[in-house]
Amino acid sequence: MPRTLDSQITLEKTPSYFVTREAPRRISSMSHETKLIVVVRNPVTRAISDYTQTLSKKPDIPTFEELAFKNKSLGLVDSSWNAIRIGMYILHLENWLQYFRLSQMHFVSGERLITDPAGEMGRVQDFLGLKRIITDKHFYFNRTKGFPCLKKPESSSQPRCLGKSKGRTHVQIEEEVIEQLQEFYRPFNIKFYETVGQDFKWD
């Protein structure tokens, strides 16, 4: 991490931190006062999105259903598959809570980040102790991608939108499979809601 003055905030991001077992200990040993921002979304949608992205790179992989279930007729979900395991948020959070206080963490709703980006960014700024500078005037809805983008920053001639891998159409999954996965995730979601004190309404 770069050297940072008391008046500055340094941010760094990667999706894998939250689910990497060694990450909390390593980050805590660097600075146990670090603030952590975690973006979470419906774990079923997240798993389908994960699969869709992998499929675009490796078109020969098995179907989503084959990877997601040990036995589909019995509804036995394969929680060892990474796309499924990542969405078991409470398991990862319990690991982080061994090293950080819950008050050091802020959970962003991936769904609300799409429907109300300014509201979610406002809460992030509050959590970081910043003045609310980013507001709804900084966003526009990109119909092609299906989510908000930042309007043109002063230093650029182009608006800022997420890359080509974001916003792609998800693979179509049978409703029965989605319901089985919702049932699988429900107890994990409930415990996650109770722990963070926030209902993300994924059911």
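The values are calculated or read from the model by the stated rules, or taken from the named source; none is laboratory data. These figures come from a predicted structure and were not determined experimentally. Glycine also receives a Cβ, built like all others from the backbone with ideal geometry; neighbour counts cover every protein chain displayed. Heavy atoms of the whole protein, side chains included, go into the accessibility calculation; ligands, DNA and RNA do not. Shrake-Rupley method; radii C 1.70, N 1.55, O 1.52, S 1.80 Å.
Among the listed residues Arg3, Arg25, identify the single one that is surrounded by fewer than 11 Cβ atoms within 10 Å (Cβ to Cβ) and over 27 Å from Glu183 (Cβ atoms).
Values: Arg25 fails: surrounded by fewer than 11 Cβ atoms within 10 Å (Cβ to Cβ).
When all the criteria are applied, what remains is Arg3.
When both residues are 6+ apart or on different chains and their Cβ atoms are under 7 Å apart, which pairs have a first residue that lies in the stretch 38-67 and is in contact (Cβ under 8 Å) with a residue 24 or more places away in the chain and under 14 Å from Trp81 (Cβ atoms), and a second that is surrounded by fewer than 21 Cβ atoms within 10 Å (Cβ to Cβ) and among the charged types (D, E, K, R)?
Between residues of the stretch 38-67 that are in contact (Cβ under 8 Å) with a residue 24 or more places away in the chain and under 14 Å from Trp81 (Cβ atoms) and residues that are surrounded by fewer than 21 Cβ atoms within 10 Å (Cβ to Cβ) and among the charged types (D, E, K, R), the close pairs are Glu65/Lys72.
Test Ser31 against the stated conditions and say whether it is open to solvent by less than 50 Å² (accessible area, probe 1.4 Å) and out of contact with any Phe, Trp or Tyr (no Cβ under 9 Å at 6 or more places or on another chain).
Yes, satisfied.
Does the stretch 123-135 hold any residues that are touching a residue at least 40 places away in the same chain (Cβ under 8 Å) and open to solvent by less than 20 Å² (accessible area, probe 1.4 Å), and which are they?
Looking only at the stretch 123-135, we keep the residues that are touching a residue at least 40 places away in the same chain (Cβ under 8 Å), and these are 124, 127-128, 130.
Val124 - this is the single residue of the stretch 123-135 that is touching a residue at least 40 places away in the same chain (Cβ under 8 Å) and open to solvent by less than 20 Å² (accessible area, probe 1.4 Å).
If you scan the stretch 80-91, which residues turn out to be assigned to a helix (DSSP H, G or I), under 22 Å from Thr52 (Cβ atoms) and either open to solvent by 10 Å² or more (accessible area, probe 1.4 Å) or of a type in the set (Asp, Glu) (or both)? Steps first, please.
Going through the stretch 80-91, the residues assigned to a helix (DSSP H, G or I) turn out to be 82-85, 89-91.
Those left that are additionally under 22 Å from Thr52 (Cβ atoms): 82-85, 89.
Matches in the stretch 80-91: Asn82, Arg85, Tyr89.
For the stretch 65-79, enumerate the residues that are at negative phi and either in contact with a helix residue (DSSP H, G or I) (Cβ under 8 Å, 6 or more places away or on another chain) or open to solvent by less than 90 Å² (accessible area, probe 1.4 Å) (or both). Before you say what the answer is, go through the steps one by one.
We begin by selecting, within the stretch 65-79, every residue at negative phi; these are 65-74, 76-79.
Residues satisfying the conditions are Glu65, Leu67, Ala68, Phe69, Asn71, Lys72, Leu76, Val77, Asp78, Ser79.
Matching residues to (1) aromatic (Phe, Trp, Tyr); (2) within 23 Å of Gly122 (Cβ to Cβ); (3) outside any loop (DSSP other than H, G, I, E, B):
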site	(1), (2), (3)
Leu11	no, yes, no
Ser29	no, no, yes
Ile37	no, yes, yes
Thr45	no, no, yes
Thr52	no, no, yes
Glu66	no, no, yes
Leu74	no, no, no
Asn95	no, no, yes
Ser103	no, yes, yes
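Under the condition of being more than 18 Å from Asp78 (Cα to Cα), assigned to a helix (DSSP H, G or I) and not small (Gly, Ala, Ser), which residue from the stretch 54-64 is least open to solvent (accessible area, probe 1.4 Å)? Walk me through it before giving the result.
Filtering the stretch 54-64 for residues more than 18 Å from Asp78 (Cα to Cα) gives 55-60.
Then drop every residue that is not assigned to a helix (DSSP H, G or I), which leaves 55-57.
Filter once more, keeping what is not small (Gly, Ala, Ser): 55, 57.
On the way: Leu55: 51, Lys57: 145 Å².
My answer is Leu55.
Please go through the stretch 140-195 and pick out each residue that is among the hydroxyl-bearing types (Ser, Thr, Tyr) and at pLDDT 75 or above.
Here is the first cut: in the stretch 140-195, the residues among the hydroxyl-bearing types (Ser, Thr, Tyr) are 140, 144, 155-157, 165, 169, 185, 193, 195.
Answer for the stretch 140-195, where residues must be among the hydroxyl-bearing types (Ser, Thr, Tyr) and at pLDDT 75 or above: Tyr140, Thr144, Thr169, Tyr185, Tyr193, Thr195.
Let me confirm something: among Ile114, Ile133, which residue is out of contact with any strand residue (DSSP E or B) (no Cβ under 8 Å at 6 or more places or on another chain) and either of a type in the set (Asp, Glu) or closer than 22 Å to Arg160 by Cα (or both)?
Details: Ile114 fails: out of contact with any strand residue (DSSP E or B) (no Cβ under 8 Å at 6 or more places or on another chain).
The conditions single out Ile133.
In the stretch 108-122, is there at least one residue being open to solvent by less than 10 Å² (accessible area, probe 1.4 Å) and touching a Phe, Trp or Tyr at 6+ places or on another chain (Cβ under 9 Å)?
yes
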